[in-house]
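Step one of this worksheet: look at the structure below.
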Amino acid sequence: MSIDPILELRSVSAAHGSIEVLHNVDIQVGKGEVVALLGPNGAGKTTTIKVACGLMRPTSGSLHVAGQDVTGVPANALARVGVCTIPEGRGIFPNLSVRDNIIMAARDRAGIAVIEDRSYARFPILKERRDQLAGTLSGGQQQMLSLARGLATDPVVLMLDEMSMGLAPLVVAELYEQVTAIAESGVSVLVVEQFARTVLGVADSAVVLSHGHVRFVGPAGDLDDETLSRAYLGS
């Protein structure tokens, strides 16, 4: 991991109303690193993402992007400096074409042709379907379009929330191959997954949450079945 993480949560706690759901969470994502954020339903994974992208302010602790304290900075301002989140359930406009979805996401309006070319090179099926309404794509193709839209924003940090949900294993494997390639291009990636084994094969590091507490943090290869079992089953 780099000395200066691109994304860092320092001793973050967060609450929904009077109920605290995150307790002193520390997460670091280095440049070009894939970090898997794991845990069962209700562990606090989505709340962590909301804090990391500026949708939710922590009750204590701080959020840092590229070494700068951005605690309390709203999500739209963080998006402008390269923090991109692809939410659970696909981040697309179903009534627009594939091409229009990509164009709308582009921050550099002058470079739309280049962005399109890059998107279609990464996901050739999207080129074939570029005039098709996004809502008529298969689930896997919609998730590819979500990734293409995220990359069109020229992100520094890409956060993916439950990318594999509802998709066939072969499609998930193909998507995670792209996640690896995205990280190799220098983008930092934080992946939220309920199903640990789908992401650990491509992750550099892992963080396991349970009941809002960090139960494990370290290299993905060091995460053993016993630790996962304790976190997921409470054993």
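Data table
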| read-out | value |
| --- | --- |
| Residue ID - nearest to L145 (Cα to Cα), chosen from residues in the stretch 176-211 that are of a type in the set (G, A, S), buried (at least 22 other Cβ atoms within 10 Å of the Cβ) and in contact with a Leu (Cβ under 7 Å, 6 or more places away or on another chain) | S188 |
| Meets criteria (under 22 Å from the mean Cα position of the chain (by Cα) and hydroxyl-bearing (S, T, Y)) for T153 | yes |
| Residue under evaluation Q68, criteria (1) over 28 Å from L137 (Cα atoms); (2) in contact (Cβ under 8 Å) with a residue 12 or more places away in the chain, criterion not met | (2) |
| Subset of the stretch 84-114 (residues that are over 20 Å from the mean Cα position of the chain (by Cα), of a type in the set (A, V, I, L, M, F, W, C) and surrounded by 15 or more Cβ atoms within 10 Å (Cβ to Cβ)) | L96, V98, I103 |
| Pairs with Cβ under 8 Å, 6+ apart, first in the stretch 176-187 and in the same structural domain as G30 (by TED's automatic domain parsing), second of a type in the set (F, W, Y) and buried (at least 21 other Cβ atoms within 10 Å of the Cβ) | Q178/F123 |
| Failed item in (1) at pLDDT 95 or above; (2) under 16 Å from S146 (Cβ atoms), with P87 passing the rest | (1) |
| Some residue of the stretch 97-120 being in contact with a strand residue (DSSP E or B) (Cβ under 7 Å, 6 or more places away or on another chain) and touching a residue at least 40 places away in the same chain (Cβ under 8 Å) | no |
| Any hit, the stretch 73-82, residues being more than 19 Å from the chain's Cα centre (by Cα) and surrounded by fewer than 15 Cβ atoms within 10 Å (Cβ to Cβ) | no |
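The values are calculated or read from the model by the stated rules, or taken from the named source; none is laboratory data. Owing to the predicted nature of the structure, the values given are computational and were not obtained by experimental measurement. Here the Cβ is made from the backbone with ideal geometry for all residues, glycine too, and neighbour counts use every protein chain on show.
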